[in-house]
Amino acid sequence: MARIEVTVDGVSYHDEVEPRLLLVHYLRERLGKVGTPIGCDTSNCGACTVHVDGVSVKSCTMLAVQADGTQITTIEGLAQNGQLHPVQQAFHDNHALQCGFCTPGMIMASVDLLQHNPSPSDEEIRHGLEGNLCRCTGYQNIVRAVRQAAEKSAEVTA
Amino acid sequence: MTEELDAGLIAEQVEEHPEAIDQPDATRHIGRPLKRKEDRRLITGRTRWTDNIQLPGLMHMAIVRSPVAHARINRVDVSAALDRPGVIAAFSAADLGDALGTLPCAWPVTADMVHPDHHPLATDEVRHVGEAVAVVVATDRYAAADATEAVEVDYEPLPAVTDMEEALKDEVLVHADKGTNKTYLWPFDGGDYDAARAQAEAEGGIVFKRRYIQQRLIPAAMEPRSVVVEPLTEGDEYTVYSATQIPHILRLMLALTCGIPEQQIRVIAPDVGGGFGSKLNVYAEEVIALVVARKLGRPVKWTESRSEGFQATIHGRDQIQDIEVAATRDGRILGLSVDLKADMGAYLQLVTPGIPVLGAFMFNAIYKMDAYRFRCTGVFTTKTPTDAYRGAGRPEATYAIERIMSDLAYELGIDPIELRRRNWIKHEEFPYTTIAGLTYDSGNYEAATARALELFGYDELRREQQERRDRNDPVQLGIGISTFTEMCGLAPSRVLGSLSYGAGGWEAASIRMLPSGKVEVVTGTTPHGQGHLTAWSQIAADALGVPFEDVNVIFGDTQSSPVGMDTYGSRSLVVGGVAVHLAARKVVDKARKVAAHLLEAAEGDVEFSGGTFSVKGSPDAKTTIQEVSLATFAAHNLPDGMEPTINADAVLDPENFSFPHGTHLCAVEVDTETGRPTIRTYVAVDDIGNVINPLIVEGQVHGGLAQGIAQALYEEAVYDADANLVTGTMVDYLVPSAADLPEFTTDRTETPSTTNPLGVKGVGEAGTIASTPAVVGAVVDAVHHLGVQEIRMPTTPERVWRAINNSGSDGGSRAAEGTIAYGGPQTSTTAGGAE
């Protein structure tokens, strides 16, 4: 067992974990952070994407012990004071989700994408989200949502 | 941030989507692109997936699966697993005995169908890779997975058979005791095909065959399957949580399979992350979990890993389609003959045998013809069972007919749109009874096609195609066409009965008027992404004249929504949504009696509009439906003899299927040097009748297109000769990402259905059904002038390149040779020597 100390959605946790425990299982099964789902076992689908120290990570590709000392944000910690993040709002406004299973990862990846590229082209959005699979939407409304979130953020900062 | 949809927000949304404005009454909700009520929880991670469930004393289950396709099981020994840390129990089939029962197949399509037993845990033999052999139960999922490695199974290998034509030789038998791999032969004859063929030959027409291959697909809903069974503390009672599309059907089937009285099982489908047919089933793990929880008296959870699901969750498609068309020289279809071989896989799951049979009614599509012959042969192979995957039999049929229509156009030198026009049912001919015996209630193929051609720029693209051909451009352009229809809204119960389906096709709804004036809609449909909470709220709000936000919708739990037939086959709106409307109308009828009593008027003089009852000729005498609801709750002053309720139930058995249609056009660029096809333009004009929520409809179309395009370009479940699933993970099986799909242009024409009061048709599968032939047709069209006649799906760059360069046999074929890769030589016969 290994000791870790992580902050998840603003709460700090001290835990003993098996060295092989995946971060996503730590989040879901130890901390009850079940908002982050698991969609595959080969790191293809991206449903489990979270932010580790502000950068998007597929939490099935990381061991809990590797997250020691980090700040993690999950989909559950993205809205602040009841206010949806602009990307969450844009997903709702543009019908960018159907079953919603890929949505947490898709939103977390989109937030990261916009941090790196605040005004992406549609093609950049499509390539930027290549690591996140959705089976319901055909992606068109997801691309639209990310584009709209970028435009709204640009308006706010302008 | 608010979820409330106030009048201002509705006005703003209407402004964004002007198509919603033409409602006669500004308070109407139907037809508006209202944003979904479902979203708030889903975008903030407050979800209820089955795998999220934690219960005191919860055990975790892991399945030991066969690593070989076909073998005799000499011995299963779980004893070493019991010594592993955290292991609570481990069982083989023998340990659990008869308690497991056999998995149900509810669709015996013929009286003499071969129906082998399908044990949840294999007993004497395994018959596909991934078949469950033993189960380990432990304190956590890691311990359970670890311990599966300690289970010893002695497999004595038997030969595998993956190819249907090989299987039909009955040299390698999947079920030796049955003596054959042929599951059934299902025939249909409309008219006299031989006579139609003879007429074509005698009159100088054309008769030719094609073979199209429907590759095997993996549905890959984003949420893996998962089940939790909780034994209740008293008696033999259980709550089963499952990632299923069919909680009601599952409850009945679990009761029958496990011998537990139905009233002692409650099934809950919590949030379900997509299904596409793959969760329209009764799976081994659901039965095993129930039996294990029953035996150990503790709750248990099982969640498949993605790779496990690729082997243990049903697959889709997998057909060999031999199709022959007989037509006159000017392109009028005289007859169509279809010889289908459909891969069942190793066992029959819930509706496996019926899926290709559904296609029987769709090969003739929108076209008039004198004769139609259909033969479907079900075939066992040592592969994962097939079953319903988005479209379920209709995409396969639509693919074949739309491809051969374009091939007929090539043969006759007629524009493929013009050829279709000469054969399709004209809008003034509806209702029209087809050669397959269905009566299409409505449609307007002319209008949808005209709109699609306009959006697509058909003539311009044809000109560009010719220019590229003329200059021998390395990048060639192809145009693919799909003027599809489909049958959905399953289904009139009598028709299902005539097809030997094991259940009816009705759907139930209840409306509960609460004393506070709010409304609960209880529906028997079970959404898993389709937005029923929003759409059913729109339907109920309009029928009752109450605010959209005052309506809640209850579903997915056999206790709170006890009557239902669930969600599949694009049935939810056209059966379940219409049932909501009918139940609401009954509420209004009951409420009118109370209103008349309160207003001291004759019932016949009481009018209802916008939620208010008023008396003809007395403008001040009025009361709202909410006031009536409260008055009924109080029951102090009701008409004599009236039950104190205005709640109402409706169960709708639809009078007909729903026949959405549309015209999809696809332009594909093919780099002839690399073989790479790229979609340049995709136009989808769908006619699904009246629309409840255009936002949701557009999303359904987009998602459907993505899956149909994925079949055309990317996806294929590949087995090797020993029947190992080569594409066993998401690394190997290409579910397309955003980068792999184009921007779609979508539009609609609206020809209302005449067989339901809302005028609606199903939309869930239309995009998938329509798009595959449009895309493959475009790929072939781009290189047809180079002598390419056929390219097998998925039309990968390698297959396209090989087809162009006439090298190798993997999927391409050239007209000059008259052969295609899969199976033997094909003859292209042109009768009458008129060429």
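The values are calculated or read from the model by the stated rules, or taken from the named source; none is laboratory data. Everything quoted here is computed from the prediction, not taken from an experiment. Here the Cβ positions follow ideal geometry from the backbone for every residue, glycine too, while neighbour counts run over all protein chains shown.
List of remarks:
- Inside the range B:490-520, residues that are farther than 18 Å from B:V580 by Cα and touching a strand residue (DSSP E or B) at 6+ places or on another chain (Cβ under 7 Å) make up a count of 0.
- Considered as a group, the residues in the range A:127-158 that are of a type in the set (D, E) and more than 7 Å from chain B (Cβ to nearest Cβ) include one that is farthest from A:C48 (Cα to Cα), and that residue is A:E155.
- From the list B:A706, B:A717, B:A712, the one residue that fits, being facing chain A (nearest Cβ under 8 Å) and modelled with pLDDT of 95 or more, is B:A706.
- From the list B:S482, B:S537, the lone residue that is part of a helix (DSSP H, G or I) and in contact (Cβ under 8 Å) with a residue 60 or more places away in the chain is B:S537.
- Of the listed requirements (1) facing another protein chain (nearest Cβ under 10 Å); (2) under 28 Å from B:F361 (Cβ atoms), B:L695 misses just one: (2).
- Options B:L477, B:L419, B:L461, B:L499: the member that is under 30 Å from B:S572 (Cβ atoms) and outside the structural domain of B:I249 (by TED's automatic domain parsing): B:L499
- All conditions in (1) under 30 Å from A:D122 (Cβ atoms); (2) touching a helix residue (DSSP H, G or I) at 6+ places or on another chain (Cβ under 6 Å); (3) within 14 Å of another protein chain (Cβ to nearest Cβ) hold for B:I769, with the sole exception of (3).
- Some residue of the range B:748-770 being under 22 Å from the mean Cα position of the chain (by Cα) and farther than 20 Å from B:G689 by Cβ: no
- All positions within the range B:732-756 that are within 14 Å of chain A (Cβ to nearest Cβ), under 11 Å from B:A684 (Cα atoms) and of a type in the set (S, T, Y): B:T745, B:T746
- Taking the conditions (1) within 26 Å of the chain's Cα centre (by Cα); (2) outside any strand (DSSP E or B) in turn, B:V522 satisfies each one other than (2).
- Count of the range B:57-92 residues, restricted to those that are outside any helix (DSSP H, G or I), surrounded by fewer than 19 Cβ atoms within 10 Å (Cβ to Cβ) and more than 14 Å from chain A (Cβ to nearest Cβ), is 8.
- Residue count, the range B:289-341 (criterion: within 30 Å of B:W186 (Cα to Cα), away from chain A (no Cβ under 14 Å) and in a loop (DSSP other than H, G, I, E, B)): 4
- Every residue from the range B:768-803 that is farther than 18 Å from B:R211 by Cβ and either free of Cβ contacts under 8 Å to residues at least 40 places away in the same chain or aromatic (F, W, Y) (or both): B:W801
- Total residues in the range B:126-140 satisfying the condition of being of a type outside the set (S, T, N, Q) and surrounded by fewer than 20 Cβ atoms within 10 Å (Cβ to Cβ): the figure is 1.
- Of the residues making up the range B:663-673, none is buried (at least 24 other Cβ atoms within 10 Å of the Cβ) and within 11 Å of chain A (Cβ to nearest Cβ).
- For the range A:7-29, the criterion of a residue being away from chain B (no Cβ under 12 Å), touching an Asp or Glu at 6+ places or on another chain (Cβ under 6 Å) and under 26 Å from B:L55 (Cα atoms) is satisfied by at least one position.
- Selection from the range B:285-309 of residues that are out of contact with any Gly (no Cβ under 8 Å at 6 or more places or on another chain), closer than 18 Å to B:E223 by Cα and of a type outside the set (F, W, Y): B:E285, B:E286, B:K301, B:T303, B:E304, B:S305, B:G309
- In the range A:43-92, the residue that is farthest from A:V11 (Cα to Cα) out of those that are away from chain B (no Cβ under 11 Å) and charged (D, E, K, R) is A:K58.
- Taken together, the residues in the range B:721-773 that are buried (at least 21 other Cβ atoms within 10 Å of the Cβ), hydroxyl-bearing (S, T, Y) and under 20 Å from A:L133 (Cβ atoms) amount to 4.
- Residue within the range B:414-424 that is aliphatic (A, V, I, L, M) and within 16 Å of B:G662 (Cβ to Cβ) present: yes
- Of all residues in the range B:369-376, one or more are part of a loop (DSSP other than H, G, I, E, B) and either among the acidic types (D, E) or without any contact (Cβ under 8 Å) to a residue 40 or more places away in the chain (or both).
- Within the range B:252-283, restricting attention to residues that are surrounded by fewer than 24 Cβ atoms within 10 Å (Cβ to Cβ) and closer than 13 Å to B:G556 by Cα, the residue that is nearest to the other protein chains (Cβ to nearest Cβ) is B:D271.
- All positions within the range A:46-76 that are over 22 Å from A:H127 (Cα atoms), touching a Leu at 6+ places or on another chain (Cβ under 9 Å) and hydroxyl-bearing (S, T, Y): A:T74
- Subset of the range B:743-779 [outside any helix (DSSP H, G or I) and in contact with a Cys (Cβ under 9 Å, 6 or more places away or on another chain)]: B:K761, B:G762, B:V763, B:G764, B:E765
- Filter result for the condition that a residue is assigned to a helix (DSSP H, G or I) and touching a residue at least 60 places away in the same chain (Cβ under 8 Å), over B:L453, B:L496, B:L477, B:L490: B:L453
- Residue in the range B:278-288 that is in contact with a Ser or Thr (Cβ under 8 Å, 6 or more places away or on another chain), outside any loop (DSSP other than H, G, I, E, B) and aliphatic (A, V, I, L, M) present: yes
- Number of residues in the range A:104-126 that are within 9 Å of another protein chain (Cβ to nearest Cβ) and in contact with a Ser or Thr (Cβ under 9 Å, 6 or more places away or on another chain): the value is 4.
- Within the range B:420-433, not a single residue is buried (at least 24 other Cβ atoms within 10 Å of the Cβ), touching a residue at least 12 places away in the same chain (Cβ under 8 Å), part of a loop (DSSP other than H, G, I, E, B) and hydrophobic (A, V, I, L, M, F, W, C).
- Matching residues, the range A:58-107, being closer than 17 Å to A:L133 by Cα and among the charged types (D, E, K, R): A:K58
- The range A:47-145 holds helices (runs of 4 or more DSSP H) entirely within its bounds, and those carrying 1 or more residues that are more than 14 Å from the chain's Cα centre (by Cα), touching a residue at least 24 places away in the same chain (Cβ under 8 Å) and crowded, with 24+ Cβ neighbours inside 10 Å map to A:86-93.
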